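Every read-out reported here was derived from the displayed coordinates using simple, explicitly stated rules and does not represent laboratory data. Worth saying up front: this structure is predicted, and the values here are computed from it rather than measured. Note that each Cβ is placed from the backbone with ideal geometry, even for glycine, and that neighbours are counted across all protein chains shown.
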Amino acid sequence: MTPPFTIEDITDGGDDIRMKYRYLDLRRNVVRENLELRHKMTVEIRSYLDKLGFLEVETPVLIGSTPEGARDFVVPSRMNPGQFYALPQSPQLFKQLLMVSGFDRYFQIVKCFRDEDLRADRQPEFTQIDCEMSFVEQEDVISLFEGMSKHLFTSIRGVEIVEPFQRMSWHDAMKFYGSDKPDLRFRMRIIELMDVVKGHGFSVFDDAAYVGGICAEGAAGYTRKQLDALTEFVKRPQIGAKGMVYARIEGDGTVKSSVDKFYSQEVLQRIKGALGAKSDDLILILSGDNVMKTRKQLCELRLEMGSQLGLRDKNKFACLWVVDFPLFEWDEEGKRFVAMHHPFTSPKPEDVHLLDTHPEEVRANAYDMVINGIEIGGGSIRIHDSGLQNKMFELLGFTLEHAQEQFGFLMNAFKYGAPPHGGLAYGLDRWVSLFAGLDSIRDCIAFP
């Protein structure tokens with residue numbers, strides 16, 4: 001039979017038809033090479049962790065449902081009508097029980113399941129490289145897995161990374177990049193401009209809770225059509241900005257802006273100075289009534305400009321650890337605190353005293369590894385004290401009965417003594433797609 005699409009590296013088949021005839025799509029060398037890359041990575045990971053004394057232990061796939069953020073997939077029980085198993089979103093509780101059991105170093109390459117929307121970097125069924133260690137602090141975990149990451153770069157990608165990965169606090173990531181997973185392949189930092197632009201009669205800025213801008217180097221030549229397209233880009237419902245202000249830096253250093261009538265050249269020069277702009281640069285400014293929302297809009301604009309200016313090279317890798325996350329975030333709908341990561345993440349020891357008075361200021365012993373704007377992995381040091389764990393449940397709005405019902409087996413285990421422990425989980429699919437230079441994780445999964 002004639003195949004429904006060309007079985008070559010560059011094919012005329014769209015995503016839907018390629019997935020329908022996936023067995024034909026897998027004949028293409030480019031897809032096969034992605035799966036070979038995935039195989040090589042899992043071999044290297046197992047070998048690396050085995051040499052460091054990690055033990056691969058399988059954990060159950062049919063479990064009781066526990067709240068971990070996303071929705072569970074549920075499986076009805078034939079033997080117990082009206083009752084359901086859940087498919088695990090992660091082996092979180094089981095790996096902590098293994099630490100209580102005396103297994104000092106555990107890992108597993110494991111299937112996880114989350115009933116959430118499909119995205120380029122998300123599938124309902126995905127694979128984690130799940131790891132946990134006893135008697136460790138944050139620095140121990142970061143050091144070990146940074147070493148493993150560098151080993152994978154060398155052995156799989158042929159890229160030597162000598163320098164330590166950069167560290168950045170969650171607060172700085174949000175302030176300067178509008179994201180907790182900043183893409184550091186290019187600079188273009190977000191700069192707050194409230195002190196410079198307010199009080200000059202331009203009500204859009206005067207009434208805003210936040211005004212910030214980015215400087216796109218060498219982009220002053222953007223045409224009006226291109227600038228209008230950028231304005232429409234940030235006004236899309238997915239981003240939600242109301243408009244965009246721009247300013248060009250001319251060859252002689254003067255500033256030409258879309259709001260010239262409100263701002264003198266002196267003030268425009270101060271804006272230029274705040275952003276570190278030079279001749280032939282382009283300044284783009286957004287404002288809004290919600291600080292965090294506007295920063296996220298600027299993040300989307302920054303990434304779009306990075307793409308348009310060719311600054312997001314897939315063969316260049318910018319690695320960093322994002323640290324010092326808030327332990328809690330406020331759920332406006334539920335009017336309560338929720339765990340930013342999960343209920344078992346420990347607070348920074350120096351912040352424990354704030355739990356009773358200012359829980360919103362408590363920082364977590366948590367860390368994410370980010371490469372090229374992609375969250376490749378994340379983890380935390382866990383709570384190992386039953387009293388502190390009960391306090392955490394209380395702050396999250398769990399009654400003692402509810403906490404016992406959901407997590408009683410872990411809380412009871414802690415009563416018999418639990419070592420300090422922590423770990424990390426990588427997304428294998430994201431790792432492979434990053435190394436393969438893919439835009440979606442679908443092409444590194446045999447049957448997505």
Checklist entry - How far is helix 386-395 tilted, in degrees, relative to the longest principal axis of the Cα atoms in the chain, given as a value from 0 to 90 rounded to the nearest 10? => result 50
Checklist entry - Using only the Cα atoms of the stretch 48-141, what do you get for the radius of gyration and for Dmax, in Å? => result 15.3, 48
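Given charges of +1 on the Cβ of Lys and Arg and -1 on the Cβ of Asp and Glu, with all other atoms neutral, how large is the dipole of the chain about its Cα centre, in debye to the nearest 20?
Details: 54 positive and 67 negative charges, 188 e Å.
Its charge dipole is roughly 900 debye.
Kirkwood-based Rg over Rh for the stretch 186-308 (C-alpha set), two decimals? Don't jump to the answer; show the numbers that get you there.
Numbers: Rg = 13.1 Å, Rh = 14.2 Å.
Taking Rg over the Kirkwood Rh, I get 0.92.
Counting pairs of Cα atoms in the chain, how many percent are more than 33 Å apart? Please report the intermediate quantities before stating the final value.
Details: 46088 of 100128 pairs.
Here the long-distance tail beyond 33 Å is 46 percent of all Cα pairs in the chain.
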Next on the checklist: Which one, 446, 384, 399, projects farthest toward the positive side of the charge dipole computed for the chain from Cβ point charges (K/R +1, D/E -1)?
Outcome noted: 446
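Within the stretch 354-434, list the chymotrypsin sites (Phe, Trp or Tyr not before Pro) lying in a DSSP loop whose Cβ has at most 16 other Cβ atoms in a 10 Å radius.
Working: sites: 367, 393, 398, 407, 409, 414, 416, 426, 431; in loops: 398, 416.
Sites meeting the loop and neighbour criteria: 416.
Which percent, to the nearest 5, of DSSP beta bridges fully inside the stretch 1-143 are antiparallel? Mind dumping the intermediate values first?
Working: 15 of 17 bridges.
Percentage antiparallel, nearest 5: 90.
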Checklist entry - Which entries in the list 225/278; 181/225; 296/316; 150/272 go over 28 Å, if you measure between the two C-alpha atoms of each? => result 181/225; 150/272
Item to check | In the stretch 1-134, lysine pairs closer than 25 Å at Cα, eight or more apart or cross-chain | outcome: 6
Checklist outcome for this item: Charge dipole of the chain built from unit charges on the beta carbon (Lys, Arg +1; Asp, Glu -1), centred at mean Cα; most positive-end Cα among 142, 317, 93 is 317
Checklist entry - Residue farthest toward the positive end of the dipole of the stretch 186-308, with Cβ of Lys/Arg at +1 and Asp/Glu at -1: which of 271, 259, 216? => result 216
Checklist entry - Taking the alpha carbon gyration tensor of the stretch 77-201, what are the square roots of 5 times its eigenvalues, largest first, to the nearest whole Å? => result 37, 25, 17
Checklist entry - Excluding same-chain residues fewer than 8 positions from residue 348, which aspartates and glutamates have a Cα within less than 17 Å of its Cα? => result 137, 139, 140, 324, 329, 356, 360, 361, 368, 385
Item to check | Convex hull volume per residue for the stretch 358-448, taking Cα atoms only, in Å³ | outcome: 163
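Counting only helical runs of four or more DSSP H residues, what would the 222 nm mean residue ellipticity of the chain come to if each run contributes -39,500 (n - 2.57) and the total is spread over all its residues?
It comes out at -10000 deg cm²/dmol, rounded to the nearest 500.
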